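> Have a look at the structure that comes next, please.
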Amino acid sequence: MMKKIEMNKYLIFILTALILGCSAGKPNNQDGIIKTIGDYPSPNKIYILKISKKPETLIAYEIQKQNTGKTYKPEYNFSHTMRWFFYWKNDSELWVHSSDIGLSYWVKNNVGNLEQKWITEKDKLDKAPEIVFENLPKRMKK
């Protein structure tokens, strides 16, 4: 009887791990906003956004092109204690916000590589997709 109970506990643990593992790689909300650590493919799976937590309190991320393995990394990581999120607008445009470093987006340049652009003025916020704008802190929208 005792072995059966132990076996059931083990089975429940495995099933829970499988269920949680299968949900990785999907945005946290139906609106496509990404707010947790994990790997997130672009809509057509051309790129993969890889979000990780580094020692101490930093969130690091990189964007990897699937067919070549080429990796794009930001100049700055940001604090996991601050408000942050990502949003794939399309396969070649990824929006990134962190309260400690600001709003930026990655977009293809004229030679086909991704490059990071910063939104530094409030009047440029109209470039942001509506869902990104809605998720920004109120102080940025004024």
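Only the coordinates and a few stated rules stand behind these numbers; no lab work does. Treat the numbers as computed from the prediction; the structure is a model and nothing was measured. Cβ coordinates were reconstructed from backbone atoms using ideal geometry, including for glycine residues, and neighbour counts include every protein chain displayed.
> Quick one: which residues, 5 or more positions from Ala128 or on another chain, have an amide H under 5 Å from its amide H? H modelled 1.01 Å from N in the peptide plane, none for Pro or chain starts.
none
> Can you work out the PRE-style zone for Ile37? Point 7 Å along Cα to Cβ, and I want the residues of the stretch 58-74 with backbone N under 17 Å.
58-63
> Here's a follow-up. Using Cα pairs under 8 angstrom and six or more residues apart, how large is the relative contact order of the stretch 33-141, in percent? If you can, show how the numbers build up before the last one.
Numbers: 188 pairs, mean separation 19.0, N = 109.
Value for the stretch 33-141: 17 percent.
> Looking at the square roots a ≥ b ≥ c of the eigenvalues of the Cα gyration tensor of the stretch 33-141, which shape do they give, rounded for a/c under 1.5, prolate if a/b is larger than b/c, or oblate? Mind dumping the intermediate values first?
Numbers: a/c = 1.70, a/b = 1.17, b/c = 1.45.
Since a/c reaches 1.5 but b/c is at least a/b, the shape of the stretch 33-141 is classed as oblate.
> Same structure, new question: Going by C-beta contacts inside 10 Å, put Lys50, Lys35 in order with the fewest on the left.
On the way: Lys50 16, Lys35 13.
Exposure proxy ranking, most exposed first: Lys35, Lys50.
> Work out the FRET efficiency for Asn110 and Met140 from their Cβ-Cβ distance, taking R0 = 30 Å, and round it to the nearest 0.05.
Values: r = 29 Å, r/R0 = 0.98.
For Asn110 and Met140, the calculated efficiency is 0.55.
> Okay, next question. Greater than 27 Å separation of Cα atoms is the criterion. Which listed pairs, Lys70/Lys138; Lys35/Lys89; Lys45/Lys141; Lys54/Lys122; Lys54/Lys124; Lys65/Lys122, meet it?
Numbers: Lys70/Lys138 36 Å; Lys35/Lys89 15 Å; Lys45/Lys141 32 Å; Lys54/Lys122 31 Å; Lys54/Lys124 31 Å; Lys65/Lys122 31 Å.
Table pairs above 27 Å Cα-Cα are Lys70/Lys138; Lys45/Lys141; Lys54/Lys122; Lys54/Lys124; Lys65/Lys122.
> May I pose another question? Are there chymotrypsin sites (Phe, Trp or Tyr not before Pro) in the stretch 32-77 that DSSP puts in a loop and that have at most 15 other Cβ atoms within 10 Å, and which ones?
Here the chymotrypsin sites (Phe, Trp or Tyr not before Pro) that fit, given the DSSP loop and packing criteria, are Tyr76.
> Give me Leu114, Leu49 sorted ascending by neighbouring Cβ count inside 10 Å, so fewest comes first.
Least to most surrounded, the residues fall as Leu114, Leu49.
> Whole-Hz Karplus ³J(HN,Hα) for the stretch 59-70, in order, using 6.51 cos²θ - 1.76 cosθ + 1.60 and θ = phi - 60°, x for Gly and Pro?
The phi angles translate into 9, 10, 8, 8, 10, 10, 7, 4, 6, 10, x, 4 Hz.
> Now for a separate question. Report ³J(HN,Hα) in whole Hz for each residue of the stretch 107-120, in order, from the Karplus equation J = 6.51 cos²θ - 1.76 cosθ + 1.60 where θ = phi - 60°; Gly and Pro get x.
Coupling constants for the stretch 107-120: 9, 5, 8, 5, 9, x, 8, 7, 9, 8, 10, 9, 9, 10 Hz.
> Among Leu94, Leu136, which comes first, second and so on when ranked by fewest other beta-carbon atoms within 10 Å? Intermediate values should be presented prior to the final figure.
Details: Leu94 24, Leu136 17.
Least crowded to most crowded, the residues run Leu136, Leu94.
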